[in-house]
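> I am attaching a structure below and will ask some questions about it afterwards.
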């Protein structure tokens, strides 16, 4: 028989579920919302003591995003900076984090399988998920280490594939837009007896908004689901390819993005990024007399080559890794006040990184600068218990232990030299002739981490709840932080970052109005950063506190309004003096940390066939340097979307981005390093019209 059981919070967050941003078609983010994962397992939002936001299929279909940032900027607590092409930088209850291991603060997955192996994150890894054809995109805000393990320090994003098992159907569409943008989307679902099939492909080509930029991208998902009498097996293959001509920061001075003579120039026409990924997993699930079980073996392979145009000498980096893993889970039955879920996760990876430079000068020698391999082993048992202490109160306790081992092998000469062992040439900036890059000798590093989560939900009255969540979370150092050293550092003696988090929330559904209000306080210790001597150190402290709000108002059958907002303060605390700063920044705002962000969508269901949506996106001001002496003023954008669905299965849509043609920056920073200096921007695109035509069959 088909497995049936109620998901507990751990299962929900590991598999993730869907409740969309509000429209009349999909009235979600309400207490009664049934959260349905891609594996057809359900729980209600009212049973989750955490802040989780999901963008459902109706929202994704309406936005038809070219870049995933177009949908994530509507999530409270998320700050998203689009880079050039498909590149991005992310913040979840955090500033937008940068640097070698910044991506390690967020777990990003597709169908619950991490896009990158433990220790091998990349800040741009979200382009390795097929978000364009997702059934849902879910965001966990706040520490998720008990739920996800490594890399879920500030939060998690899971892109969920479309659900299999329904009637046979298909969808084919073509999108066109400015700068020679074109995309073909094909989706097919089929069913035969106990077998369901799915195939989803999208291929996009973009000529680039800036000079000598653009990308070609292809994504393919193949799915199969077998529903037997004893077990259900769902298998998903995901492959992506990106070939991108990259544009770097615009450095033409303060607010150069407003200068029409400069704002489409590309100072790095030689830059590029080529990236491929492949993942395969099978989710095998069944039941016993006393509960249910799930086993999910998976395989992952990634490769990336790109020109590091943002570094002196523009070195070439090649990196990749191959992984085998297994996620396991057993859940007790639903009878009685106490239920529990437990399991063990395993992962084994083999990774590599090479960096080389053609023309050498000063501290930057020609030839190879890094060439190493890293093998990792990760074992992580976990348990989560849920106790229904009364009709109004539900308590949860979650624990996870994680053992992560790195086996590092340097395939070059050890130390701070050129490839042939010679010293680098002295220069005005480097009179001693010390080479910039340093290579530690072969070594093994182990990390043992524990995480804890306590949750409580109290039903004040029908459809009105109070919830709290206390968490202790962690992030192990990434391989690049441990082994990609600079100048005179020979060993990076790093500990795991640790987070203490407290959250309290209030949510309610009252007639045609649903809303959630949540406040959080987080303190992070052992913060890893590169200090003023270019050493990777871990003695920093930061604080993060904020207030988040989302609401859905259905004014009548035709009109609805959804609003999300976040007010946050992210500050440096003790011991933090990053590169380019000579004093400890105790109390300063972390750069790229806007205090206020918001999003509002007004939706008009004109009739059964036509829908119009107007969106307002607000990015508040933020400091662009650690010393808080330079600032980006923020921006407000309007987007408008219209879709018409005919009665004979074809549809057309039009989307106007940046409707008011506002000059803005996707990202702003002030670069104060000795090599460069001044305001730099990723330029936001001017008003653009995108048209789509498609057919469902």
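None of the figures in this text is laboratory data; all of them are computed from the coordinates on show. Just so it is clear, the model here is predicted, and its values are computed rather than measured. Glycine gets a Cβ as well: all are built from the backbone with ideal geometry, and neighbour counts include every protein chain shown.
> Suppose each label sits 7 Å from its Cα in the direction of the beta carbon; what would the residue 569-residue 610 distance come out to in nanometres?
About 4.9 nm, to one decimal.
> Relative to a virtual label point 7 Å from the Cα of residue 628 in the Cα→beta-carbon direction, which members of region 584-617 show backbone nitrogen distances below 19 Å?
Counting only backbone N, you get 584-597.
> Once the Cβ-Cβ distance between residue 425 and residue 98 is put in as r, and R0 is 30 Å, what FRET efficiency do you end up with, to the nearest 0.05? All intermediate terms of the calculation are to be shown ahead of the outcome.
Working: r = 30 Å, r/R0 = 0.99.
It comes to 0.50.
> Where the Cα atoms of region 476-539 are projected onto their three principal axes, how long is each span, largest first, in whole Å?
Reported extents, whole Å, longest axis first: 64, 20, 18.
> Rounded to the nearest Å, what's the spacing between the alpha carbon centres of region 237-278 and region 177-222? Just the number, please.
So the two Cα centres are separated by 21 Å.
> Set the Förster radius R0 to 51 Å, insert the Cβ-Cβ distance between residue 299 and residue 541 as r into 1/(1 + (r/R0)^6), and round the FRET efficiency to 0.05.
About 0.85, to the nearest 0.05.
> Taking only the alpha-carbon positions of region 184-256 and ignoring solvent, what does the Debye formula give for the base-10 log of I(q)/I(0) at q = 0.18, 0.19 Å⁻¹?
Log10 I(q)/I(0), no solvent term: -0.79, -0.84.
> In nm, to one decimal, how far is the residue 218 label point from the residue 470 one, both placed 7 Å along Cα→Cβ?
Reported label-point gap for residue 218 and residue 470 is 5.4 nm.
> Roughly speaking, what is the stretch gain from residue 231 to residue 443, that is 0.36 nm per residue apart minus the C-alpha to C-alpha distance, in nm to one decimal?
Numbers: separation 212, 0.36 × 212 = 76.32 nm, distance 4.38 nm.
Roughly 71.9 nm would be gained on extension.
> For region 498-566 and region 625-639, what is the centre-to-centre distance using only Cα atoms, to the nearest Å?
That distance is 19 Å.
> Another one. Give the Kirkwood hydrodynamic radius (Å, one decimal) of region 217-320, defined as one over the mean of 1/r across all pairs of different Cα atoms.
Numbers: mean 1/r = 0.0562 Å⁻¹.
Taking the inverse mean of 1/r over all distinct Cα pairs, region 217-320 comes out at 17.8 Å.
> Also, quick follow-up: Once every DSSP H run of n ≥ 4 in the chain is given -39500 (n - 2.57) and the sum is divided by its residues, what mean residue ellipticity at 222 nm do you get, rounded to the nearest 500 deg cm²/dmol?
Mean residue ellipticity at 222 nm (helix-derived): -1000 deg cm²/dmol.
> In what sequence do 424, 103 fall when counting other Cβ within 10 Å, fewest first?
Numbers: 424 21, 103 25.
The fewest-first ordering by Cβ neighbours comes to 424, 103.
> What do you get for Rg/Rh of region 9-696 when both radii come from the Cα atoms and Rh is the Kirkwood radius? Could you put the intermediate results ahead of the total?
On the way: Rg = 24.6 Å, Rh = 25.9 Å.
Here the Rg-to-Rh quotient is 0.95.
> Under a plain spin-label model, where a point goes 7 Å from the Cα along Cα-to-Cβ, how far apart in nm are residue 696 and residue 399?
4.9 nm
> Ok, one more. I need the peptides 532-544, 440-452 ranked by packing, meaning the mean over residues of other C-beta atoms within 10 angstrom, with the highest value on top. Can you show the working numbers first?
On the way: 532-544: 17.9, 440-452: 16.1.
Taking the mean over residues of other Cβ atoms within 10 Å, the ranking is 532-544, 440-452.
> Follow-up question, since we're still on this one. I'd like to compare 287-294, 501-508, 158-165: which one has the highest average count of other Cβ atoms within 10 Å, and what's the full order after that?
Values: 287-294: 14.9, 501-508: 19.0, 158-165: 22.9.
In decreasing order of mean packing, 287-294, 501-508, 158-165 become 158-165, 501-508, 287-294.
> Also: What are the equivalent ellipsoid semi-axes of region 39-137, built from the alpha-carbon gyration tensor (square roots of five times its eigenvalues), in whole angstrom, biggest first? List each step's numbers first, then the result.
Values: eigenvalues 95, 57, 41 Å².
Rounded to whole Å, the semi-axes are 22, 17, 14.
> If you take all C-alpha pairs in region 345-469, what percent of them are over 27 Å apart? Could the numbers behind the result be given before it?
Working: 4093 of 7750 pairs.
The calculated P(r) of region 345-469 puts 53 percent of pairs beyond 27 Å.
> Sort 106-115, 359-368 by the packing proxy (mean of other Cβ within 10 Å over each peptide's residues), most packed first. Walk me through the numbers on the way to the answer.
Working: 106-115: 25.0, 359-368: 17.1.
Highest-to-lowest ranking by the protection proxy: 106-115, 359-368.
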